[in-house]
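This report concerns only the one structure given below.
Values quoted throughout were computed directly from the atomic coordinates according to the rules given, and no laboratory measurement underlies them. Computed from a predicted model, the values in this text were never measured in an experiment. Positions of Cβ are backbone-derived with ideal geometry, glycine not excepted, and every protein chain shown enters the neighbour counts.
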């Protein structure tokens, strides 16, 4: 019997660092087209917005985007503060939804208490287009998804953020394949995420897999981490290890990294990977794309 996919999928993922310029330079060196910096905004209580003291760059993919983000005014009260205190690297997993309110209500029906969705915005200034990109979101509680900052995002002006003309990269990346999370007891963690995604995980030789409407989530343990990423030690547990990207030509991607002086490891099974030290704390893997990039779309939850 074929397993069904979760109704929701990955809207975008976020790499958190202490210095946004360093994040951008590192990903540009890796061959990504890094979009211009933008500022995040939060409601000011009077119908407008005020700075969130957080800025980011976007790396647009064929099926979402990577957010490179950092605080502009470090504060222990900022929502990124506890994340960067653990480690620099992948922390944010934003799940897509057509309605933040409906997704919150659906989770509450399952007994998962989530906050009321709130509004936020980004000041976007891309080449040829600018404006305030609006979205609504809510964070999943640490009791159900404390392995990272997991949230649901409803884009109200997605066309301002995800621009197809910015999705061409020198390294040949086309889209996100999956993210990988390392935990001490995968079986226990998987049960919690099955509540969120409303599907059963499938067990493979190297971890549990959640097949999402956009992208996949893999959950592994320390032993499987050593198999997949030899010599890599977790900076913190649980750890959002990194993400795997699809490329149009794996040999061309390998050649690009060689010319840049970047060490790309052979992961077997037609996979290259970059150590976290060369990718701002996130392990990046690259696999051959079997088809064109998946179009960005919004799934309901």
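Hey, with R₀ at 25 Å, roughly what FRET efficiency would residue 116 and residue 195 work out to, going by the Cβ-Cβ distance, to 0.05? The partial results should precede the final answer.
Numbers: r = 20 Å, r/R0 = 0.79.
Between residue 116 and residue 195 the formula returns 0.80.
Please state the relative contact order of the chain as a whole percent: Cα pairs under 8 Å, 6+ residues apart? Let's see the in-between values first.
Numbers: 695 pairs, mean separation 69.0, N = 301.
Relative contact order for the chain comes out at 23 percent.
Quickly work out the residue 79-to-residue 101 label distance, labels modelled 7 Å from Cα along the C-beta direction, and quote it in nm with one decimal.
If labels sit at residue 101 and residue 79, their model points lie 2.0 nm apart.
Peptides 118-125, 151-158, 9-16: what's the order by average Cβ count within 10 Å, highest mean first?
Numbers: 118-125: 17.6, 151-158: 19.5, 9-16: 25.4.
The peptides rank, most packed first, as 9-16, 151-158, 118-125.
Show me the ranking of peptides 210-220, 46-56, 106-116 by mean Cβ neighbours inside 10 Å, starting with the highest.
Numbers: 210-220: 22.2, 46-56: 14.7, 106-116: 13.1.
Highest mean packing first, the order is 210-220, 46-56, 106-116.
Could you tell me what fraction of 2.2 N^0.38 Å the Cα radius of gyration of the range 10-166 comes to, as a two-decimal ratio? Present the calculation step by step, with values, prior to reporting the outcome.
Numbers: Rg = 15.3 Å, N = 157, 2.2 N^0.38 = 15.0 Å.
Against the compact-globule rule of thumb, the ratio is 1.02.
Could you give me the radius of gyration and the Dmax of the range 173-288, taking only the C-alpha atoms into account and expressing both in angstrom?
14.5, 45
So what is the calculated 222 nm ellipticity per residue for the chain, using -39500 (n - 2.57) for each DSSP H run with n of 4 or more, over all residues, to the nearest 500 deg cm²/dmol? Show your work: numbers first, answer last.
Details: 8 runs with 63 residues, N = 301.
For the chain, the value works out to -5500 deg cm²/dmol.
What do you get when you divide the Cα radius of gyration of the chain by 2.2 N^0.38 Å, with N the number of residues? Present the calculation step by step, with values, prior to reporting the outcome.
Working: Rg = 18.2 Å, N = 301, 2.2 N^0.38 = 19.2 Å.
Compactness ratio reported: 0.95.
By how many nm would the segment from residue 22 to residue 252 lengthen if fully extended, with 0.36 nm per residue of separation less the alpha-carbon distance? Let's see the in-between values first.
Values: separation 230, 0.36 × 230 = 82.80 nm, distance 2.55 nm.
Fully extending the segment from residue 22 to residue 252 adds 80.3 nm.
Is the range 1-83 best put as rounded, prolate or oblate by its Cα gyration tensor, with a ≥ b ≥ c the root eigenvalues, rounded for a/c under 1.5, and otherwise prolate when a/b is larger than b/c, oblate when not? The partial results should precede the final answer.
Details: a/c = 1.98, a/b = 1.28, b/c = 1.55.
It comes out oblate by the Cα gyration axes.
Largest first and in whole Å, what are the equivalent-ellipsoid semi-axes of the range 218-274 based on the Cα gyration tensor, each being the root of 5 times an eigenvalue?
On the way: eigenvalues 112, 30, 21 Å².
Square roots of five times the eigenvalues give 24, 12, 10 Å.
Among 253, 97, 168, rank each residue by its count of other Cβ atoms within 10 Å, from fewest to most, as a rough exposure measure. If you can, show how the numbers build up before the last one.
Working: 253 23, 97 28, 168 12.
Listed from fewest to most nearby Cβ atoms, that is 168, 253, 97.
Starting from the Cα gyration tensor of the range 70-146, take the square roots of the eigenvalues, sort them a ≥ b ≥ c, and report rounded, prolate or oblate (rounded when a/c is under 1.5, otherwise prolate if a/b is larger than b/c, else oblate). It would help to have the intermediate numbers written out before the result.
On the way: a/c = 2.33, a/b = 1.17, b/c = 1.98.
Verdict is oblate for the range 70-146.
Sorted from largest down, give the three principal axis spans of the alpha carbons of the range 137-237, whole angstrom values.
Its Cα atoms span 40, 33, 26 Å along the three principal axes.
Contact order normalised by length for the range 173-288, with contacts defined as Cα pairs under 8 Å and 6 or more residues apart; what percent is it?
Values: 198 pairs, mean separation 33.4, N = 116.
Over the range 173-288, the number comes to 29 percent.
Take each of the peptides 88-94, 128-134, average the number of other beta-carbon atoms within 10 Å over its residues, and list them starting from the highest.
Working: 88-94: 23.1, 128-134: 13.9.
Per-residue Cβ counts within 10 Å, averaged per peptide and sorted highest first, yield 88-94, 128-134.
Take the alpha carbon gyration tensor of the range 174-223, find the square roots of its eigenvalues, order them as a ≥ b ≥ c, and report rounded if a/c is under 1.5; if not, report prolate when a/b exceeds b/c, else oblate.
Details: a/c = 2.00, a/b = 1.21, b/c = 1.66.
Judged from the Cα gyration tensor, the range 174-223 comes out oblate (a/c at least 1.5, b/c at or above a/b).
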